Each structure stands twice: as C-alpha cells, then as structure tokens.
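Notes follow the structure.
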Amino acid sequence: MMKDSGIDQALQTLLAGNKRFAAMKQTHPNQDKNRRDEVTASQKPFAVVVGCSDSRIPPEILFDQGIGDLFVIRLAGNVVDDTALGSVEYAVDHLATRLVVVLGHAKCGAVTAAAKGGDAHGHIGGIVKLITPALELAKGRPGDFVDNAIRENAKLVAAAIASSEPILQKMVQEGTIAVIPVYYDIDTGLVEVL
C-alpha cells in the first residue's frame, strides 16, 4: 500500500483492529497494568488520529487499540486549526509517529449542520467555515450530498495537514510520514481508506 513498510504496518495494524471491532472480536491490546506501567516514562504512539469529537467514534475503541498506541486529536468535523496542526507536529516531530490518519465518519453532525446552512452562532461559525470547501466540492456529485461532503472534508483535512509548513509538508515530501484520509461507517463499524 505504501512505499515505507513501517508506515504501511501502522496502517495495517489500524485496519486489522477495526475489522476486529466491526466483528465484535476485539482483543483490547495494551489495556492492562503492565502497559500502563510501561508508558509512565514516555510514549511512542504508532499513529496519530485526527478525528471528530462525536461521541460515537472513539478511535481507541473502533481501531481496537490501547494505552499509548494512538495520539488522538479530536475537533468537531475532524477539522484542523493551528492548535490541532501543532499537536500533529508534536506527535510526528517529537514522538516520531509516522502515520497520520484523518478520520471522517458517516452522519457527522458538524458537516450536516454546515450543509443545512443557517445561523452558525458563536464559535461554531469557525467550524462551519473550515467545512465549507468540502461542501463546494460535493455539490452536483451523484449520491448523498452530506455523505459526499463528509468524505471530501476528510480528504481536504488530510491535504491541509500534508501541506502544512514548515514541518509537516517537509516530512511528507521526505517520506518520513504519511497522511491518510479514512471514512468510518457508523452502521457497519468499518473504516475504509479514501
């Protein structure tokens, strides 16, 4: 799938864990006292997951991972701002995490709200503004408008992370990290690579 076997292995580990979750055959790895003790001094997560704040999509559970396995950043609509980008930079630059996954999901409330339009009062308007380009890309495409926008949003967020200067873009170009958009189907429990 990827040129780098370490990055490919990280993605395969996530997808295998997701298949276990979808089949309700989780192994709940790294969720015991030994693992808790092991990570007290330091962390070395094998993947960064940029996901939505939606309570139905906790990455550690739907990828069947444990303590210290994932570096998770969650904002409504799985959008990124400077703080989220700084968090990704920290994980890849300081913790040597090589895979960044952007986790879009079916029935995303943030994308749905942005698609419906209307008054996005308070700070919600900032989230809607970040999702709007995905809505534009989804217009006129066959299929469900909102679902198409959710998928486009994950792709756009992945592209924004991969092109973020000065750290992330350079690491992507050097092949040090990979940024992959994925889509989680709430009904089936399965994740697909976009």
In segment 60-91, which residue that is touching a Phe, Trp or Tyr at 6+ places or on another chain (Cβ under 9 Å) and in a helix (DSSP H, G or I) is surrounded by the fewest Cβ atoms within 10 Å (Cβ to Cβ)?
-> 61
Over segment 149-166, the set of residues over 15 Å from residue 138 (Cα atoms), in contact (Cβ under 8 Å) with a residue 24 or more places away in the chain and either of a type in the set (D, E, K, R) or outside any helix (DSSP H, G or I) (or both) is 164
If the Cβ limit is 7 Å and pairs must be 6+ apart or interchain, which residue in segment 3-16 that is in contact (Cβ under 8 Å) with a residue 12 or more places away in the chain pairs with which residue that is β-branched (Val, Ile, Thr)?
-> 11/180; 14/101; 15/191
Counted residues in segment 169-185 being within 20 Å of residue 52 (Cβ to Cβ) and either basic (Lys, Arg) or in contact with a helix residue (DSSP H, G or I) (Cβ under 6 Å, 6 or more places away or on another chain) (or both) come to 3
If residue 169 passes every condition in (1) touching a strand residue (DSSP E or B) at 6+ places or on another chain (Cβ under 9 Å); (2) in a helix (DSSP H, G or I) but one, which one does it miss?
-> (1)
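Go through segment 16-52 and give me each residue that's of a type in the set (A, V, I, L, M, F, W, C) and within 17 Å of residue 63 (Cα to Cα).
16, 21, 22, 23, 24, 46, 47, 48, 49, 50, 52, listed by residue number.
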Spot the failing condition for residue 119; the list is (1) within 17 Å of residue 7 (Cα to Cα); (2) modelled with pLDDT under 95, and only one is missed.
-> (1)
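Being touching a residue at least 60 places away in the same chain (Cβ under 8 Å) and either among the aromatic types (Phe, Trp, Tyr) or over 22 Å from residue 175 (Cα atoms) (or both) narrows it down to one of 99, 75, 103, 62, so name that one.
62
The values are calculated or read from the model by the stated rules, or taken from the named source; none is laboratory data. Quick caveat, the model's predicted, so the values are computed rather than measured. Positions of Cβ are backbone-derived with ideal geometry, glycine not excepted, and every protein chain shown enters the neighbour counts.
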